[in-house]
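Single-structure report; data block below.
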Amino acid sequence: MTDGPRAARLRDLHERDLAWMAGVERDLFGPSAWSETLIREDFRYGGRRYRGVWIDDRPVAYAVYGFDGDAFSLLNLAVLPEHRREGLARMIIDDLLDEARSLDVPDVWLEVAVTNEAALALYRSYGFEDVRVRRRYYQPEDVDALVMRRAMRPDEAS
């Protein structure tokens, strides 16, 4: 898949990509980052999609989504700072919503830090609505998370 002026490709992550993902997690999310151990265990046994975006054969963004219990959720999304505002997060959200449509799920859920204004604007532009606040969700920073939901309408074009 290509979008934008540079050739951006979206594909599933492979096990060989997980160390890179864990490094980005540490760099971007600090103490609340997913550990490499957690990433590897979830990748092997979690039953979720691990997707990445490549530009010029380099990974620059990733997301994890799928069922968390009986809810279809976006669990993680990150774009390298030098590649933000290039439409890569939109590429990932489009892919997430296509997957949700193909699975005929009624809703897509996510949690986002209340301080992440760029992500909040992105999700709201896709029709995600505020559901509730989870106090002190992100630890050890004590940052609240906003739970958001997007209803998937059956009449949406795939």
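The values are calculated or read from the model by the stated rules, or taken from the named source; none is laboratory data. On a predicted model such as this, the values are computed, not experimentally measured, just so you know. Every residue, glycine as well, gets a Cβ built from its backbone with ideal geometry; the counts of neighbours run over all protein chains shown. What goes into the accessible areas is simple: the full protein's heavy atoms, side chains included, and nothing from ligands, DNA or RNA. Shrake-Rupley method; radii C 1.70, N 1.55, O 1.52, S 1.80 Å.
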- Task: Could you tell me whether Asp56 is at pLDDT 95 or above, closer than 18 Å to Ala7 by Cβ and surrounded by fewer than 18 Cβ atoms within 10 Å (Cβ to Cβ)?
- Result: no
- From the option list Arg150, Arg135, single residue qualifying as touching a strand residue (DSSP E or B) at 6+ places or on another chain (Cβ under 8 Å), outside any helix (DSSP H, G or I) and within 26 Å of Arg9 (Cβ to Cβ) is Arg150
- Sort out which residues of segment 21-48 are surrounded by 14 or more Cβ atoms within 10 Å (Cβ to Cβ) and more than 22 Å from Arg84 (Cβ to Cβ), and write them in order of number. Glu36, Arg40, Asp42, Phe43, Gly46, Arg48
- Subset of segment 135-150 (residues that are on the phi < 0 side of the Ramachandran plot, open to solvent by less than 80 Å² (accessible area, probe 1.4 Å) and of a type outside the set (A, V, I, L, M, F, W, C)): Tyr138, Glu141, Asp144, Arg149, Arg150
- Within segment 1-20, can one find any residue that is in contact with a helix residue (DSSP H, G or I) (Cβ under 9 Å, 6 or more places away or on another chain), assigned to a strand (DSSP E or B) and either crowded, with 18+ Cβ neighbours inside 10 Å or at pLDDT below 95 (or both)? yes
- Quick check, is Asp130 loosely packed, with under 11 Cβ neighbours inside 10 Å and among the acidic types (Asp, Glu)? no
- Val105 versus (1) part of a loop (DSSP other than H, G, I, E, B); (2) in contact with a helix residue (DSSP H, G or I) (Cβ under 9 Å, 6 or more places away or on another chain); (3) open to solvent by 60 Å² or more (accessible area, probe 1.4 Å): which is the lone unmet condition? (3)
- Query: Which is basic (Lys, Arg), farther than 18 Å from Tyr123 by Cβ and in contact with a Phe, Trp or Tyr (Cβ under 9 Å, 6 or more places away or on another chain), of Arg11, Arg16, Arg40?
  - Reply: Arg11
- Here is a list of conditions, (1) out of contact with any Pro (no Cβ under 9 Å at 6 or more places or on another chain); (2) modelled with pLDDT under 95, and Gly23 meets all of them except one; can you say which number that is? (2)
- Note on the structure: Counted residues in segment 59-71 being modelled with pLDDT under 95 and open to solvent by 10 Å² or more (accessible area, probe 1.4 Å) come to 5
- Message: When you scan segment 113-121, do you find a residue that is open to solvent by 30 Å² or more (accessible area, probe 1.4 Å), out of contact with any Cys (no Cβ under 6 Å at 6 or more places or on another chain), modelled with pLDDT of 95 or more and outside any loop (DSSP other than H, G, I, E, B), even just one?
- Response: yes
